[in-house]
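Every number here is computed from the coordinates shown, using simple stated rules; none is lab data. Since we're looking at a predicted model, the values are computed, not measured. Here the Cβ is made from the backbone with ideal geometry for all residues, glycine too, and neighbour counts use every protein chain on show.
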């Protein structure tokens, strides 16, 4: 057997793959955050709560309406996206003219309220959600036993990440979006309804979080605190990748998943801290993050 | 400020009335119970609001008002943070006059609070925390460990697994007081039975949701048993993911601390066939069913587990002792009240008859359960079938092995 750093090769490859899978969640969540920050200048602390709502939405669709996993992959993000739009229109939009800090405090408060409400009704130990039948089971990929569902998560995440990046960077719609962030009055002068563009962007970012939530529902316990565990790491990912950089957050998300996975082999106790260690190092050497634009 | 005749009169009459008020308070002092637990985090359903419901049920069943007792129950959320719990406890004792501290899950928190209770000479009845150190190295004459502990879990679940041929173990451990203690206690049983420990992973608590890395390492160790030294949402997540990675095909999963509430969260589909230990189950006998029927209307979505039952039983026994001593006497010294509690026989609907040992260990029986298949479950929360029962006097660590410092000195 090949040994790498005293660890059997197959085990190491397995850990790398698992790291990529976790990275898929980080990438999807941090991308939503990066889009919202890039376009709206809002540090969306409610992202974790919206991710949780996505998971709950798919649970509720199944429980109360009998709607299964695949339809809810589309429906849940739509529902939560609409919720995001309402949130943006009624509450968040009032803060655009103020400092970042206000948006951060507001969304943090919103997250606490949302989590509190869910906790009140559903408790904290979680709700069961089955892996859909077609994705049950696992495949032996030589060096490890890869659950089919995890493989699906990576594929789905990569597709969604690339599609989102392409929409924003390569389409006329994306160009309008980016232009609206750069110079809103000018874009408005061209007849574009900028406030609506911003609202839809927020809704889109929220839908991404909800999509990740639906993907997470069968593997993690569906509980009101599930977003909490991700949100700190995801913020670190956004900061490391460079605030507002979409490509940065995707690449960093996957990379940090891998780094975290490797830490779990060599020194598991540090696996929750290693991300922040990387953040400190990156910020000391590249204050704008790996992919951030220099001011 | 000018002093009018009216304020002067008012102040004078208030001053005159003060001694009267004090005199009345001295007549029937209020006994305050403080329920300190996790009201919002991973251990909210295993303790949380249902613990409070069960504590209040004890007040109702004892008939406090009919017996002329004045009991007040307050509660707070310790968020599983030892420093926060210590400051709440201090505030309760110093400012709010709390006499008895109840529940306190999360071993790190339970251990931190221990010294505060001792310093203030109050009563501390712990139902939620697991560490066997609470009646061992960290024991206190102000303390009773009511419901279960890591030693009892290790002996019951761990012992049964070893007997069934599980002689090599890999541990997945929450990296704090409770997880480490549970691993240590289980390891000693595994080794005593001639088994070996193939490896372990200690993961950061709280905040870990993905256990796949550790599960793959466990699988690579070729151990026969995966020992889960964690609790609550972590256990739920690790069992869910163990199944996903097909661990249940090559290894046996031992959930060393699992409650009926966790089985409810997982669903029978995923949890069927697991062995676990609790000292209480709602469907054990007529008395446990009667108890559950009394509390159920107040906590419909979260039926009582052993921690909740422990809160009921502990409160009821405390009230008996207070009525016996008289509230004024009971308020004076926590050590004396706890000593009296140890002498009075314990009996209630949840655990039947139990005794409290000198070191503060309440000797509840340990039931080994197997989780039913979905087809075997007849109704809501019908989850367990009983496999074995260890009587209370054999379930726990012998007094001599605990090294509790005050034993034999009193």
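Summary of computed values
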| read-out | value |
| --- | --- |
| Viscosity 1.567 mPa s, temperature 4 °C, Stokes-Einstein D of segment B:355-405 from Kirkwood C-alpha radius, µm²/s | 98 µm²/s |
| Fraction in percent of alpha-carbon pairs per bin - 5 Å, segment A:143-295 | 2, 8, 13, 18, 19, 17, 12, 7, 3, 2, 1, 0 |
| Global form of chain B, assessed from the alpha-carbon gyration tensor, a/c cut-off 1.5 | prolate |
| Space enclosed by the convex hull of the alpha-carbon atoms of segment A:169-232, per residue, Å³ | 118 Å³ |
| For chain A: span of alpha carbons on each principal axis (Å, largest first) | 66, 51, 34 |
| Projected area, mean over directions - segment B:268-410, Cα convex hull, nm² | 10.6 nm² |
| Theoretical ellipticity at 222 nm over chain A - DSSP helices of four or more residues, -39500 (n - 2.57) apiece, nearest 500 | -24000 deg cm²/dmol |
| Ranked A:69, A:121, criterion: other C-beta atoms within 10 Å, fewest first | A:121, A:69 |
| Alpha-carbon Rg/Rh ratio, for segment A:1-145, with Rh computed the Kirkwood way | 1.08 |
| Per-residue average of Cβ from other chains inside 10 Å of A:265-272 | 5 |
| Cα gyration tensor category, rounded, prolate or oblate, for segment A:36-85 with a/c compared to 1.5 | prolate |
| Whole-Å semi-axes of the ellipsoid equivalent to segment B:301-348 (Cα gyration tensor, √5λ, descending) | 24, 11, 9 |
| Sorted by Cβ neighbour density within 10 Å, fewest at the top, the residues B:103, B:133, B:348 | B:348, B:133, B:103 |
| Evaluated over segment A:224-278, the Cα radius of gyration and Dmax, each in Å | 11.4, 32 |
| Rg ratio (alpha-carbon, reference 2.2 N^0.38 Å) - segment B:92-199 | 1.25 |
| Share antiparallel - DSSP beta bridges, the protein assembly as shown, percent rounded to 5 | 35 percent |
| Three-way shape label, segment B:169-213, alpha-carbon gyration tensor, a/c 1.5 | oblate |
| Cα-based Kirkwood hydrodynamic radius, segment B:203-276, one decimal, Å | 12.3 Å |
| Volume of the Cα convex hull of the protein assembly as shown, divided per residue and given in Å³ | 210 Å³ |
| Value of relative contact order over chain B, rounded to a whole percent, pairs C-alpha under 8 Å and six or more apart | 19 percent |
| Radius ratio Rg over Rh of segment B:23-149, counting only Cα atoms, Kirkwood formula for Rh | 0.97 |
| Translational D in µm²/s for segment B:233-348 (Stokes-Einstein at 25 °C, 0.890 mPa s, Kirkwood Rh from C-alpha pairs) | 145 µm²/s |
| Burial ordering of A:186, B:284, B:257, A:29, fewest other beta-carbon atoms within 10 Å first | A:186, B:284, B:257, A:29 |
| Nearest-ten-degree value, helix A:148-170 long axis tilted from longest Cα axis of chain A | 30 degrees |
| Semi-axes of the equivalent ellipsoid for segment B:149-257, Cα gyration tensor, largest first, Å | 19, 16, 11 |
| Theoretical ellipticity at 222 nm over chain B - DSSP helices of four or more residues, -39500 (n - 2.57) apiece, nearest 500 | -13000 deg cm²/dmol |
| Equivalent ellipsoid dimensions for segment A:98-162 as semi-axes, Å, which come from the Cα gyration tensor, largest first | 36, 20, 9 |
